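J.: Would you mind keeping the following structure in view while I ask a few things?
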Amino acid sequence: MHLAGKTVVLCVTGGIAAYKAADLTSKLRQAGATVRVLMTESATQFISPITFETLSGYRTVVDTFDRNFAWEVEHISLAKAADVFVIAPATANIIAKAAHGIADDMVSTTLLATKAPVVIAPAMNTGMYDNPVTQQNLQTLRARGFHIIDPAAGHLACGDTGRGKLPDTPTLLHGIEQALTPQDLKSLRVLVTAGPTQEALDPVRFLSNHSSGKMGYAIAARAAMRGAQVTLVSGPTALATPLGVERVDIVSARDMYDAVVSRAGAQDIIIKAAAVGDYRPAQTADEKLKKSDLDLNIALVRNPDILAELGRTKHPGQQLCGFAMETQNLLENASDKLRRKNCDMLVANSLRDKGAGFGTDTNAVTLLFADGTRETPPLMSKEDVADVIFDRLLAMRESAT
Ligand code: CTP
């Protein structure tokens, strides 16, 4: 979460979803943001300003139509203080005002004065949301660079079913963080592989490895946050799909091969963070093997090397990044893999390093580049490692053009 130290001006307008803004305020604060809440008068009919005061630690500014000097100063200072300006829930009314520059209360005047990125989360009755007037107003705002978080569909407070629900807090947080994040991977297609593969011995048993998938999921999450169109081909993991990512689940190395190779041609960047099983049992039994049937010497056959295949078929402009986890001779093995598999970059990590490896939230890596150069960033979170990987890949793209 990159919201720490940011000032979020949160405007709550009058709809039944206003109560959900309390949870948003709390989660923003937990993420390290300063939250300054503004409410329209009608919002106060749904939830008390005191709730936000308690959660944010600041006085909630309510539009009282008290146009005195302090009021004027306050709305301008909040407009300036905002790193990001959020309207959640946003009624059809505030959306219409925002689209047409109407400034007749605290929220709309402050909105008009701010230069911060603006995030709007519409929430209203389906009929109001689907009305062409509202849709056109949202289109106008989108064209002006406002970030619109689409409402969810489902059961609405008015009894209707359809689009118009305020999305859950994680989706709102994701939209707010995205508005604060440069969209430098926009228009790029990124495919990431993550997690282990499982090679079945029988319906009960398999060969696998300790990969948790955390590194690959962090890469997919950061790519989506930076605007890429992301496909995550994942082995079995316990992790939630990062927001904005299309996930394709696979089990075996051969499943992963099919899923990746069939999509590879369309990708600008492919990052192979998965721990792919090099071997599979020569035979997979249809029925559970009994103790007495189990041969102590299991015959194995080689799996296809997906990264090597991608290296062979790489198209001009496509970037390929592999991973290598080693327990010894890290850099020799890694630079050999980089060359053999025709990668542009290889991320090497040693299972022996503290804070690196399977299941950890941090990673200590060395990046090896095709031109022979290397870089060893300090120990950092897997999300930060993901950002460094994309920063370097983007720099290589820029220097190639
Ligand atoms: N990889 C792959 N397909 C395989 C094996 C590995 O795509 N069948 C990819 C991994 O996703 C990783 C990179 O190759 O990005 C390195 O994996 P690793 O297992 O370290 O490489 P190997 O070539 O298997 O080398 P070795 O087992 O000799 O260390």
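The values are calculated or read from the model by the stated rules, or taken from the named source; none is laboratory data. Given the structure is predicted, the values throughout are model-derived calculations rather than measurements. Cβ sites come from the backbone with ideal geometry, for glycine too, and all protein chains shown count toward neighbours. Note: areas computed on protein heavy atoms with side chains; ligands, DNA, RNA excluded. Shrake-Rupley method; radii C 1.70, N 1.55, O 1.52, S 1.80 Å.
J.: Using just the helices of the chain, give the 222 nm mean residue ellipticity in deg cm²/dmol: DSSP H runs with n ≥ 4 each add -39,500 (n - 2.57), and the total is spread over all residues, rounded to 500. Kindly include the intermediate steps, with their values, before the conclusion.
T.: Numbers: 13 runs with 139 residues, N = 401.
Calculated from helices alone, the mean residue ellipticity at 222 nm is -10500 deg cm²/dmol.
J.: What are the radius of gyration and Dmax of the chain, computed over its Cα atoms and given in Å?
T.: 25.5, 88
J.: Rounding to the nearest 10 and keeping the result within 0 to 90°, find how far the Cα-based axis of helix 330-340 lies from the longest principal axis of the chain.
T.: 90
J.: Less than 12 Å apart at the alpha-carbon level, and either on another chain or at least 8 residues along: which aspartates and glutamates does that give for Lys314?
T.: Once the sequence-local aspartates and glutamates are set aside, what remains near Lys314 is Asp268, Asp344.
J.: Next question, about the same structure. For Cα pairs less than 8 Å apart in space and 6+ apart in sequence, what is the mean separation divided by the residue count of the chain, i.e. the relative contact order in percent? Let's see the in-between values first.
T.: Numbers: 851 pairs, mean separation 41.3, N = 401.
Contact order relative to length: 10 percent.
J.: Same structure again: How long are the semi-axes of the equivalent ellipsoid of segment 172-234, taking √(5λ) for every eigenvalue λ of the Cα gyration tensor, in whole Å from largest down? Numbers along the way, then the final one.
T.: Working: eigenvalues 205, 27, 14 Å².
The three semi-axes for segment 172-234 are 32, 12, 8 Å.
J.: For segment 309-401, state which trypsin sites (Lys or Arg not before Pro) are in a DSSP loop and have at most 12 other beta carbons lying within 10 Å of their beta carbon. Don't skip to the end; give the middle numbers.
T.: Numbers: sites: Arg312, Lys314, Lys337, Arg339, Arg340, Lys341, Arg352, Lys354, Arg374, Lys382, Arg392, Arg397; in loops: Lys314, Lys341, Arg352, Lys354.
Sparse-neighbourhood loop trypsin sites (Lys or Arg not before Pro): Arg352, Lys354.
J.: Counting DSSP beta bridges with both partners in the chain, what percentage is antiparallel, nearest 5? Write out the running numbers ahead of the final one.
T.: Numbers: 18 of 62 bridges.
Taking every DSSP beta bridge within the chain, about 30 percent pair in antiparallel fashion.
J.: Taking segment 99-202, which trypsin sites (Lys or Arg not before Pro) meet the DSSP loop condition and have no more than 11 other C-beta atoms within 10 Å?
T.: Working: sites: Lys115, Arg142, Arg144, Arg163, Lys165, Lys186, Arg189; in loops: Lys115, Arg144, Lys186.
Sites meeting the loop and neighbour criteria: Lys115, Arg144, Lys186.
J.: Further question: Which of the residue pairs Lys214/Lys290; Lys97/Lys165; Lys80/Lys165; Lys27/Lys115; Lys27/Lys382 have a Cα-Cα distance greater than 27 Å in the structure shown?
T.: On the way: Lys214/Lys290 35 Å; Lys97/Lys165 20 Å; Lys80/Lys165 30 Å; Lys27/Lys115 24 Å; Lys27/Lys382 22 Å.
Check vs 27 Å cut-off fails for Lys214/Lys290; Lys80/Lys165.
J.: Ok, one more. Where the accessible area of segment 257-302 is counted over protein heavy atoms with a 1.4 Å probe, how much of it, in %, is carbon and sulfur? Mind showing how you got there, number by number?
T.: Values: 1410 of 3030 Å².
Carbon plus sulfur share of accessible area: 46 percent.
J.: Find the accessible area per residue for segment 189-400; the probe is 1.4 Å, ligands and nucleic acids are left out, and the unit is Å². Numbers along the way, then the final one.
T.: Details: 10210 Å² over 212 residues.
Ligands and nucleic acids excluded, the figure is 48 Å² per residue.
J.: Taking the Cβ of Val365 as the centre, find all other residues whose Cβ is under 15 Å away and add up their charges (Lys, Arg: +1; Asp, Glu: -1). The partial results should precede the final answer.
T.: Details: positive: Lys214, Arg222, Lys272, Lys337, Arg352, Lys354, Arg374, Lys382, Arg392; negative: Glu326, Asp353, Asp361, Glu375, Glu383, Asp384, Asp387, Asp391.
Net of charged neighbours comes to +1.
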